[in-house]
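The values are calculated or read from the model by the stated rules, or taken from the named source; none is laboratory data. Quantities reported herein were computed from a predicted structural model and do not represent experimental measurements. Positions of Cβ are generated from backbone atoms using ideal geometry, with glycine treated the same way; all protein chains shown enter the neighbour counts. For accessibility, only protein heavy atoms count, side chains too; no ligands or nucleic acids. Shrake-Rupley method; radii C 1.70, N 1.55, O 1.52, S 1.80 Å.
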Amino acid sequence: GQENVAPIFEGNKGKKGGDRTPIMLCANHVSWMDIPFVAVAIGWRNYKIIAKQELLKVPILSKSLRTSKHVILDRTNRRSQMETFKRGVGYLKAGVNLVTFPEGTRSRDGKMGSFKMGAFKMAQREGAPIVPLSIRYAHKVQPIEYVWPVRRSRSIPASIHIGKPIYSEGKSDDEVMKEVWDAIALGLPESQKPAPGTPVAVK
C-alpha cells in the first residue's frame, strides 16, 4: 500500500515545516511489536508516535520513545490527555506526521475494538489526511502476555496494509472515525475483524 501515501510524501519533498502536508496514520493495536512494525512500513519519515505511558516499561522501546520526543499519554490523567492533544496538534501544524492507535490499548484477542475520538479531533483541527493502517498477525509474533517476541515475524504472515488517505473536509468527527474504522477492518484477516456488535466509538 505504499502507493497510497507516496503522492503525499513526494509532494512534501523540499518543503519545510508548516509548508508540508502532514498525515495522521491510524492503526489497530494488537502487540507491542506494532510500533516497530509501523516504523519499518513507513520508513524514515518525519513522524511522532502518540504512545501510552505503559510503553515506558518496555525495554529498548522506552528509551527510543523518550529520546525521540514522541508524545507520551497517561490515559488516567485528564491534564495529560489535554497536553497530548495540544502537542499532537502542534506537531501537525509544524508539518510533522503523527502515528496513533485510536483503540487506546492492545486488543486481548487480536480483534479490533472500539475507537476513541481524540486522534480524529486532532486531524480535523488541522485538516490532516488520515491514513488507515491494518496490522496483521503482530499478536502472533508477540502475544499480549509476553514482553519479548516469541516467534520470528518471517515464520508467520505478519504484515501491514496501508490504506488510501481519508480526508475530513465536510465530514463530522463521527463520520471520519467510522470511515477509518471500516477501512482498517477491511484490511484485516477475518480472525482480527471486529466482533459482531462492537461499537465504533467508546468514550
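Taken over segment 34-47, the criterion of being of a type outside the set (Phe, Trp, Tyr) and open to solvent by 40 Å² or more (accessible area, probe 1.4 Å) is satisfied by 36, 40, 45, 46.
For residue 142, the stated conditions do not hold, so it cannot be described as at pLDDT 90 or above, under 29 Å from residue 56 (Cβ atoms) and of a type outside the set (Lys, Arg). Under the condition of being surrounded by fewer than 24 Cβ atoms within 10 Å (Cβ to Cβ) and assigned to a helix (DSSP H, G or I), the residues counted in segment 102-138 number 5. Residue 99 fulfils the conditions (1) outside any helix (DSSP H, G or I); (2) open to solvent by 50 Å² or more (accessible area, probe 1.4 Å); (3) modelled with pLDDT of 90 or more except for a single criterion, (2). For residue 193, state whether it is modelled with pLDDT of 90 or more, among the basic types (Lys, Arg) and over 16 Å from the mean Cα position of the chain (by Cα). Yes, satisfied.
Considering the conditions (1) outside any loop (DSSP other than H, G, I, E, B); (2) hydroxyl-bearing (Ser, Thr, Tyr); (3) within 15 Å of residue 29 (Cβ to Cβ), residue 191 is excluded by exactly one of them, (3). If a residue must be open to solvent by 80 Å² or more (accessible area, probe 1.4 Å) and in a helix (DSSP H, G or I), how many such residues does segment 63-93 contain? Going through segment 63-93 one residue at a time, the tally reaches 10.
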